[in-house]
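Data block below; observations after.
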Amino acid sequence: MCYKATCYATTAHLSKMLNLSEDKFTTTFQSRLGRDPWLEPYTDQTVEHLAKKGVKKMLVFSPAFVADCLETILEISEENQEIFLENGGERLDLVPHLMIVKTGLNVSLK
């Protein structure tokens, strides 16, 4: 399965586990560099659009990374939060990484 398909499958799995209706979540992609195209929809543009549509609170998961890293923390917690607040949103929170890794064993909590 390719990266994009894996991201959508992960979103579907998480939304099912959390019992979220389809109007309560979306999958976006970050980490594009410069003018080179990347997978869409872009996270920053989606955050801006949703804030302008009246969404006031947003909870963000980044399950594609094996750990929270500078990229996730900086781009999501800081840059996208700033975009969200500047466009009418009130609160954007990044959920700490969902995977617990200990000596090579991955544990999913249900």
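A short reminder: the numbers here are calculations on the coordinates, not readings from a lab. Quantities reported herein were computed from a predicted structural model and do not represent experimental measurements. For neighbour counting, all protein chains shown are included, and Cβ atoms are generated from backbone atoms with ideal geometry for every residue, glycine included.
In the stretch 1-90, what trypsin sites (Lys or Arg not before Pro) fall in a loop by DSSP, with at most 13 other Cβ atoms inside 10 Å? Within the stretch 1-90, the qualifying trypsin sites (Lys or Arg not before Pro) (loop, at most 13 other Cβ atoms within 10 Å) are R35, K53, K56. Note on A5 and L39: the model spin-label points, each 7 Å out from Cα along the C-beta direction, lie 1.2 nm apart.
By other beta-carbon atoms within 10 Å, ranking L92, L14 with the fewest at the front produces L14, L92. Couplings for the stretch 47-62, taken from phi via the Karplus curve 6.51 cos²θ - 1.76 cosθ + 1.60 with θ = phi - 60°, read 4, 4, 4, 5, 4, 5, 6, x, 5, 9, 10, 9, 10, 10, 10, 10 Hz in order; Gly and Pro are left as x. Estimated at 0.36 nm per residue, the fully extended path between K57 and L18 surpasses their Cα-Cα distance by 12.3 nm. Listed values for the stretch 70-82 are Karplus-derived 3J(HN,Hα) couplings in whole Hz (6.51 cos²θ - 1.76 cosθ + 1.60, θ = phi - 60°), namely 4, 4, 5, 5, 5, 5, 7, 5, 9, 5, 6, 5, 4, and x replaces Gly and Pro.
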